[in-house]
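Below you'll find the structure, written out as structure tokens, and then a few comments.
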Amino acid sequence: MLAESLALTAALFIIGVIGVLIHRNAIIIFMCVELMLTAVNLTFVAFSRFYGTAGQVFVVFVMTVSAAEAAVGLAIIIAIFRHRQTINLKDINLLKG
Amino acid sequence: MEPHYSLVYVFLFYLFGVIALASALTFVTRKSPVAAALWLVNTMFSLAALYVMLDAQFVGVMQVLVYAGAIMVVFLFVVMLLNLGHPSELAAARGTGWKLAAGLIGLALLSEIMVIARTKLPEQLIVPRDFNEQQLQKLNVVGMIAEPLFKDYLLAFELTSVLLLVAITGAVVLGRGRAAGAR
């Protein structure tokens with residue numbers, strides 16, 4: 001089942017990448033990043049059958065990081081929304097030259 | 001190298017894989033954040049089922065609790081808080097050129113990963129075929145994770161607590177707003 005898991009991981013990760021590229025809603029882009037992180041977790045679990053349980057420990061770490069990232073990222077989105085009344089990335093281009 | 005799997009196992013594996021893939025595709029094409037979040041939860045659930053089938057029961061439970069439970073609920077809270085539930089207009093999605101470019105980049109990445117997947121695994125790192133089953137018998141579902149987590153990866157585990165503290169502080173400082181600020 002390793003090959004199937006890796007193929008599924010690749011497909012899910014790329015769906016996440018495409019989502020980040022085509023959407024302009026900051027919240028949906030965040031969800032796409034979460035999808036990419038989850039896809040990577042599937043690789044860790046699939047390989048842990050061959051390389052021992054350390055892979056599953058790394059999944060726990062990835063989950064912690066993604067939870068922290070979601071908390072900080074959503075706080076940033078709320079702060080931006082307070083300033084600009086929008087989360088459409090088309091309207092948030094302060095740093096664009 | 002891989003053990004033999006029963007037909008039911010293979011069928012269920014493909015079933016959950018197809019559900020995950022279909023939900024992810026539906027998720028990425030939604031314009032409403034709420035619909036997208038719910039389809040993403042569906043993907044997370046089917047991935048949790050795959051984790052259980054791959055002998056990672058604890059990770060599967062964590063997936064349901066942390067991802068499908070906590071993280072997606074936080075996303076929905078923000079959607080509700082900012083009143084963004086209504087679907088965004090067509091202008092919110094990028095133009096055809098961007099979508100085409102995204103599709104091409106996706107295809108390039110997919111072919112790259114398929115090429116990498118054909119390379120051989122380093123043999124000297126491979127554990128015996130029933131290593132995980134033995135660990136499961138010896139240490140139980142939680143112990144299988146806890147033993148390496150609290151022995152080999154103790155430093156990383158402790159550093160994680162610092163990371164979480166920083167994240168909590170950052171979220172509170174950013175979310176506090178101007179009204180309660182220093183002024």
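Quick notes
- Loop-resident sites, segment A:32-97, for trypsin sites (Lys or Arg not before Pro), counting at most 13 other Cβ within 10 Å (DSSP): A:96
- A dipole drawn for the protein assembly as shown from +1 and -1 charges on Cβ atoms has a positive end, and of A:53, A:78, B:51 the residue lying farthest that way is A:78.
- Counted by Cβ distance under 11 Å from residue B:37, the other residues give a net charge of 0, where Lys and Arg count +1 and Asp and Glu count -1.
- Assigned charges on the beta-carbon of Lys, Arg, Asp, Glu; segment A:2-91 dipole about Cα centre (debye): 240 debye
- Residue A:94 paired with residue B:22, simple spin-label distance in nm, labels 7 Å along Cα-to-beta-carbon: 4.4 nm
- Average 1/r across all pairs of distinct alpha carbons in chain B, invert it, and you get the Kirkwood radius: 20.7 Å.
- Charge dipole (chain B, unit charges on Cβ, about Cα centre) - positive-most of B:69, B:114, B:168: B:168
- Peptide-level mean, for B:28-39, of C-beta atoms on other protein chains within 10 Å: 4
- Hull volume in cubic angstrom per residue (convex hull over the Cα atoms of chain A): 98 Å³
- Take the protein assembly as shown with all the other protein chains still there, run a 1.4 Å probe, and you get 53 Å² of accessible area per residue.
- Span-rule helices in chain B, defined as complete DSSP H runs reaching 27 Å or more along the axis (Cα) with Kyte mean at least 1.0: B:7-29, B:33-53, B:96-117, B:154-176
- Cross-link partners of residue B:99 among lysines, defined as those whose alpha carbon lies under 17 angstrom from its own and excluding same-chain residues fewer than eight positions apart: A:90, B:31.
The values are calculated or read from the model by the stated rules, or taken from the named source; none is laboratory data. Treat the numbers as computed from the prediction; the structure is a model and nothing was measured. A quick note on method: Cβ atoms are made from the backbone with ideal geometry, for glycine too, and the neighbour counts reach across all protein chains shown. Ligands, DNA and RNA are excluded from the accessible area calculation, which covers all protein heavy atoms including side chains. Shrake-Rupley method; radii C 1.70, N 1.55, O 1.52, S 1.80 Å.
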